[in-house]
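**Q** My questions all concern the structure below.
The values are calculated or read from the model by the stated rules, or taken from the named source; none is laboratory data. Since the structure is predicted, the reported quantities are computational estimates derived from the model, not experimental observations. When we count neighbours, we look across all protein chains shown, and the Cβ atoms used for this are built from the backbone with ideal geometry, even at glycine. Ligands, DNA and RNA are stripped out before the accessible areas are found, and what is left, the full protein with its side chains, is counted by its heavy atoms. Shrake-Rupley method; radii C 1.70, N 1.55, O 1.52, S 1.80 Å.
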Amino acid sequence: MSQSQGPVVLLAPLTGPVVPLADVPDPVFSGGMFGDGIGIDPLVGRLVAPCDGVVMHLARTGHALTLTTAQGAEILLHIGIDTVELAGKGFTPKVPQGATVRTGDVLIEFDLDYVASTAPSLVSVIAIANSDAFEIVERPVAGMLKAGESPLFTLRARGGAAAEASRQATHVTEESRQQITLAHAGGLHARPAARAREAARGFDARVEIRYEGRKSAIESVVGLLGLGAGEGATVEILGVGPQAAAAVEAVAHELLREAHGEVEEKPARQSSPAPQQVARVPGAPLAPNTLAGVCAAPGIAVGTIVRWDDADLDPPEAASGTSASESRLLDKALASIDAELNKTVREASQRGAVGEAGIFAVHRVLLEDPTLLDAARDLISLGKSAGFAWRSAIRAQIAVLANIDDALLAERAADLRDIEKRVLRELGYSNNTARELPDEAVLVAEEFTPSDLSSLDRTRVTALLMARGGATSHAAIIARQIGIPALVAVGDALFAVPEGTQVVVDAGAGRLEHAPTALDVERARTERQRLAGVREANRRTSQQAAATNDGRAIEVAANIATLDDAKTAVENGADAIGLLRTELLFIHRQAAPNVDDHRESYQTIVDALGGRTAIIRTLDVGADKEVDYLTLPPETNPALGLRGIRLAQVRPDLLDDQLRGLLAVRPVGAVRILLPMVTDAGELIRLRKRIDELAREAGRTDAIEVGVMIEVPSAALLADQLSQHADFLSIGTNDLTQYTLAMDRCQPDLAAQSDGLHPAVLRLIDATVKGAEKHGKWVGVCGALAGDPLAVPLLVGLGVTELSVDPVSVPGIKARVRKLDYQLCRQRAQDALALDSAQAVRAVSREIWPQD
Ligand code: PEP
Ligand code: MG
């Protein structure tokens, strides 16, 4: 519409007394969210046009409309409070949308009595929706107004580009609101808040979320967190502006998408996968003061929380430079962290690690949060140092969160704490004080690295808790090897459990109780003792071979990575070494091991085995396993890239050196070579040829035993072909599960679903055994599934004859095998192939073969 200049004079659209905007009984209006304006408490059920204009928008429910004047002012006329709920009842629009109207024309008639008795209030609002472009210059403060006669107020166009842009706009202002219930775990915490903010972006609308009398603009994630809207909270989403409905819809959709589990934050908290199942029913509420995680190493522990990486950083309060220079320091630190986070998000997205990308994307959003930045800048202007200002701004928000009664708040505070630390470190503050561990330390970290774990004082650590990670990630594997109860994928809530808190960790049940009663502690200690008793009984028989009670022999071997592990394996009665992960043996090296390094390391291990054989796997680096001495070319999908044996395509020298070292180990026959990530028989034939060449070179004339890892679905499907050229097959269920279910084994969000007892994985195991049997070859399992008591009967039933598990699990698995009836296992394993989910398989197994 063409626009004219000059003031806009409005007459009262309703008859009744004036209600100042601040007194309108709805914070959306009184807070000015719809723009500046005025309220009228109507005495007559008729709304008339306050000026000439076009009805740009008429609510479907007939309770409100927007009139645009020739000058471009957008005037919202809204009858009553929350009248959208009346769904049109009681309102009769007298003009259609798009109508041109003149001052005094009747716009809507309404049933005063009906509205008064059903809506929270009759007070109606006249608001200038584009208040950035028009200001009210004269307005009545009190008194009685008569519709179509009494002057209401005069509007004048503001100057400036925003106003101009607003005047150019041809769209209409609308209001929209929706109530939704946050059904997902954690409620409106940082990640959904940030996603909701993103959803609203780009719409021409101001959006706000309200909850229990509090409200926050959608732009401030910190503000949204401060609402304290937890799981089950019903929040209201309000939008005002030309695209309000679309914006509100987008935000609601985003939040409901979460609620319906499409972007479930932490399914890991609701149920748990291999190797030990969390007994929690999906969706069942957690007991208070309890956090759920995924079991990485079973066991019960009582101890005190110690943050592994969380010594507090303490910047000086006073600035050493001017406010301007402190401000620049902060900006620089923020920019650099932002760039770092951006890179992390990109890389995580490329890897498909959606959850991880989401977490760091939220941290980027927090770095630019207006609430935090304003507070920090204010403090800097008062002479505080950049570090102090930043920390105080964050702490203030954490304190806001602490005042909200919500059990899952921790999760939100943790996001803030994370960025607090990152920025402080970037500003140059660090704390390297080495800390003495207390007795019974329960160590907490985002995710332990293999080197963290290898340097642990194992006598003092009773449990390991990780916010991230998956049950088959390497951190979890190492935790199991150490034999310390461990939970992974607990989530950020873990970081809110204060240092020094006494906790009970029931790793097998996937539970962390962070405010246990004396009785809980006593029970946990009793259960720990009982389990220790069972373990002791198992240990007494662990040096004997295991067979099912109807005579099927099952070799129980150990997965190891070091000489120490080898010794533990022997002590625990391992019949052999089923998998030596050689990449972990050399993980800290700065240079690739040479032939002698290889030979020496393997020889020492073989010497420690007292005549037992060792299956030694060639280097399996790539994807989640990185070694210091090798910088692999960046790949978009490292898990699908130059992993395992494929590395030889670009670095054949590394494989040759390792094979030469392996072939030099004595006695001949003590070592079997295992090849990781084999895809098909052609690949195996080439590798076998190379092994034979190198064996000849080394003067070996005996047959070298070569096995193939079955960890890629193609290998399982081609097991019969592979068995023609391999001496044995060893199923790597960690990767086989990852590649069969297309779920990253290190992705905490998928930790609960990424279960090796999935019928699809079981079918591939079945196919592997059947393929191998055709050529008389044996099949073992060296993935984490082999050490899962619920999986053992099924693996045995499918025909697997070797289970290679963590050294400390050997006695328990042997004891488990001895209780089985092979014929029953066979029948039930075949039945399990027809089940429709991993949960169903677990349930059946639990029922037929209950655990101690
Ligand atoms: C496996 O994938 O199951 C396996 C045993 O190998 P890793 O865990 O070392 O990848
Ligand atoms: Mg593997």
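**Q** When the range 97-130 is examined, which residues are found to be in contact with a helix residue (DSSP H, G or I) (Cβ under 6 Å, 6 or more places away or on another chain), closer than 23 Å to Ala205 by Cβ and not in a strand (DSSP E or B)?
**A** Asn130
**Q** Right, here's the next one. What's the number of the condition Arg666 fails, among (1) within 16 Å of ligand 1 (Cβ to nearest atom); (2) open to solvent by 70 Å² or more (accessible area, probe 1.4 Å)?
**A** So Arg666 meets the others, but not (1).
**Q** In the range 681-712, how many are open to solvent by 10 Å² or more (accessible area, probe 1.4 Å), farther than 21 Å from Gln649 by Cβ and of a type outside the set (Asp, Glu)?
**A** Total meeting the criteria: 7.
**Q** Another question, then. Mind checking whether some residue in the range 839-852 is touching a His at 6+ places or on another chain (Cβ under 9 Å) and surrounded by fewer than 23 Cβ atoms within 10 Å (Cβ to Cβ)?
**A** No, because not a single residue in the range 839-852 is touching a His at 6+ places or on another chain (Cβ under 9 Å) and surrounded by fewer than 23 Cβ atoms within 10 Å (Cβ to Cβ).
**Q** Among residues belonging to the range 389-410 that are charged (D, E, K, R) and open to solvent by 50 Å² or more (accessible area, probe 1.4 Å), point out the one that is modelled with the lowest pLDDT. Even if it seems obvious, please write down each step before you answer.
**A** Of all residues in the range 389-410, those charged (D, E, K, R) come to 391, 395, 405-406.
Restricting the remaining residues to those that are open to solvent by 50 Å² or more (accessible area, probe 1.4 Å) gives 395, 405.
Values: Arg395: 89, Asp405: 59.
Looking at residues that are charged (D, E, K, R) and open to solvent by 50 Å² or more (accessible area, probe 1.4 Å), I get Asp405.
**Q** Would you mind stating whether Glu705 is among the charged types (D, E, K, R) and within 16 Å of ligand 2 (Cβ to nearest atom)?
**A** The answer is no for Glu705.
**Q** Residues in the range 639-652: is at least one within 16 Å of ligand 2 (Cβ to nearest atom), outside any helix (DSSP H, G or I) and surrounded by fewer than 17 Cβ atoms within 10 Å (Cβ to Cβ)?
**A** yes
**Q** State whether the residues of the range 713-729 include one that is within 12 Å of ligand 1 (Cβ to nearest atom) and either open to solvent by 10 Å² or more (accessible area, probe 1.4 Å) or under 25 Å from Gly293 (Cβ atoms) (or both).
**A** no
**Q** From the residues in the range 54-92 that are among the acidic types (Asp, Glu) and open to solvent by 10 Å² or more (accessible area, probe 1.4 Å), which one is farthest from Val8 (Cα to Cα)? Spell out how you get there, then give the answer.
**A** Here is the first cut: in the range 54-92, the residues among the acidic types (Asp, Glu) are 74, 82, 85.
If we keep only those that are open to solvent by 10 Å² or more (accessible area, probe 1.4 Å) as well, we get 82, 85.
Working: Asp82: 28, Glu85: 32 Å.
My answer is Glu85.
**Q** I've got another one for you. Determine whether Gly610 is more than 16 Å from ligand 1 (Cβ to nearest atom), in contact with a Ser or Thr (Cβ under 6 Å, 6 or more places away or on another chain) and either free of Cβ contacts under 8 Å to residues at least 24 places away in the same chain or on the phi > 0 side of the Ramachandran plot (or both).
**A** no
**Q** Moving on to the next point. Of all the residues that make up the range 562-605, how many are of a type in the set (Lys, Arg), open to solvent by 20 Å² or more (accessible area, probe 1.4 Å) and in contact with a strand residue (DSSP E or B) (Cβ under 8 Å, 6 or more places away or on another chain)?
**A** Count: 0.
**Q** Going by the conditions given, is Leu790 farther than 22 Å from Ala476 by Cβ, hydrophobic (A, V, I, L, M, F, W, C) and away from ligand 1 (no atom under 16 Å from the Cβ)?
**A** Answer is no for this residue.
**Q** If you don't mind, another one. Would you call Ile38 under 14 Å from Val125 (Cα atoms) and over 42 Å from the mean Cα position of the chain (by Cα)?
**A** yes
**Q** Now, a different point. Quick one: is Lys770 buried (at least 19 other Cβ atoms within 10 Å of the Cβ) and more than 16 Å from ligand 1 (Cβ to nearest atom)?
**A** Considered against the rule, which asks whether it is buried (at least 19 other Cβ atoms within 10 Å of the Cβ) and more than 16 Å from ligand 1 (Cβ to nearest atom), Lys770 comes out as no.
**Q** Continuing with this model, one more query. Go through the range 411-511 and tell me which strands (runs of 3 or more DSSP E), entirely inside it, have 1 or more residues that are more than 20 Å from Asp564 (Cα to Cα), under 17 Å from the mean Cα position of the chain (by Cα) and at pLDDT 80 or above. Reasoning before the result, please.
**A** Working: elements: 441-445, 461-466, 486-488, 502-506.
Of the strands (runs of 3 or more DSSP E) lying wholly inside the range 411-511, those with at least 1 residues that are more than 20 Å from Asp564 (Cα to Cα), under 17 Å from the mean Cα position of the chain (by Cα) and at pLDDT 80 or above span 441-445, 461-466, 486-488.
**Q** Is it true that Val490 is open to solvent by less than 10 Å² (accessible area, probe 1.4 Å) and over 30 Å from Gly780 (Cβ atoms)? Before you say what the answer is, go through the steps one by one.
**A** On the way: open to solvent by less than 10 Å² (accessible area, probe 1.4 Å): yes; over 30 Å from Gly780 (Cβ atoms): yes.
Spelling it out, Val490 is indeed open to solvent by less than 10 Å² (accessible area, probe 1.4 Å) and over 30 Å from Gly780 (Cβ atoms).
**Q** Just to be sure before I move on: is Gly622 within 16 Å of ligand 2 (Cβ to nearest atom), on the phi > 0 side of the Ramachandran plot and either open to solvent by less than 10 Å² (accessible area, probe 1.4 Å) or not assigned by TED's automatic domain parsing to the domain that holds Asp744 (or both) in the structure I sent?
**A** Working: within 16 Å of ligand 2 (Cβ to nearest atom): yes; on the phi > 0 side of the Ramachandran plot: yes; either open to solvent by less than 10 Å² (accessible area, probe 1.4 Å) or not assigned by TED's automatic domain parsing to the domain that holds Asp744 (or both): yes.
For Gly622, the condition - within 16 Å of ligand 2 (Cβ to nearest atom), on the phi > 0 side of the Ramachandran plot and either open to solvent by less than 10 Å² (accessible area, probe 1.4 Å) or not assigned by TED's automatic domain parsing to the domain that holds Asp744 (or both) - is met.
**Q** Mind checking which residues of the range 757-799 are part of a strand (DSSP E or B) and under 25 Å from Gly508 (Cα atoms)?
**A** Matches in the range 757-799: Gly780, Val781.
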